[in-house]
Amino acid sequence: MDLTLIPLFKAMAKKLAWASARQTVLAENVANANTPGFGASDLKPVDFGKLLSGKGDGILRLASTSPAHITTPAGGTPVAQRVATPGPIQLEDQMMKVSDTATDYAFTTSLYQKQIALIKEALGH
């Protein structure tokens with residue numbers, strides 16, 4: 001069973017990929033905090049509620065079994081879009097972002113596991 005065919009799992013996988021990419025960017029910021037001329041950056045937040053509603057980047061489409069059903073357009077933008085943050089690097093702010101991202105990753109992972117358990121229960125395993 002390919003879980004990436006289920007829209008909710010696809011969105012959670014995209015959220016996990018975004019959180020992982022953000023941790024990499026934040027780690028670069030912390031590592032280069034004392035490098036002259038280095039500018040901090042972050043990833044542009046993604047509206048995952050919009051993504052799940054079908055108004056996001058097109059990875060989630062409405063299921064249609066008839067040509068008369070509404071469909072969503074394909075295509076879209078990448079999840080991880082890097083943006084520069086103005087001003088000097090504040091290590092405290094960077095570490096708070098790291099902590100928030102780790103918490104968000106852990107929450108999404110927990111949700112992923114619970115959804116798999118729910119599917120197993122429905123299948124009688």
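The values are calculated or read from the model by the stated rules, or taken from the named source; none is laboratory data. Small disclaimer: the values here were computed from a predicted structure and weren't measured. With ideal geometry, Cβ positions are generated from the backbone for all residues, glycine too; neighbour counts draw on all protein chains shown.
Of the numbered conditions (1) modelled with pLDDT under 70; (2) farther than 20 Å from K10 by Cα, L91 satisfies every one except a single condition; which is it?
Here L91 clears every test but (1).
For every residue, the table says whether it meets (1) exposed (fewer than 11 other Cβ atoms within 10 Å of the Cβ); (2) modelled with pLDDT of 75 or more; (3) at positive phi.
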| site | (1), (2), (3) |
| --- | --- |
| V30 | no, yes, no |
| A40 | no, yes, no |
| L52 | no, no, no |
| L62 | yes, no, no |
| A106 | no, yes, no |
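Given the criteria over 20 Å from I6 (Cβ atoms), at pLDDT 95 or above and of a type in the set (G, A, S), does S99 qualify? Don't jump to the end; show me each part of the working.
Working: over 20 Å from I6 (Cβ atoms): yes; at pLDDT 95 or above: yes; of a type in the set (G, A, S): yes.
Answer is yes for this residue.
Does any residue in segment 24-36 that is touching a residue at least 40 places away in the same chain (Cβ under 8 Å) come within less than 6 Å, Cβ to Cβ, of a residue that is in a helix (DSSP H, G or I) and not hydroxyl-bearing (S, T, Y) six or more places away or on a different chain, and which pairs are these?
Final answer for the pair search is L26/Q94; L26/K97; L26/V98; N29/Q94; V30/Q94; A33/L91.
In segment 37-51, what residues are in contact (Cβ under 8 Å) with a residue 24 or more places away in the chain, not in a loop (DSSP other than H, G, I, E, B) and not acidic (D, E)?
Within segment 37-51, S41, L43, F48, L51 qualify.
Which of the residues spanning segment 115-125 are in a helix (DSSP H, G or I) and more than 15 Å from A11 (Cα to Cα)?
Those that are in a helix (DSSP H, G or I) and more than 15 Å from A11 (Cα to Cα): A117, L118, I119, K120, E121, A122, L123.
Being of a type in the set (V, I, T), assigned to a helix (DSSP H, G or I) and farther than 18 Å from P45 by Cβ is the filter here; which residues of segment 5-32 pass it?
Passing the criteria: only V30.
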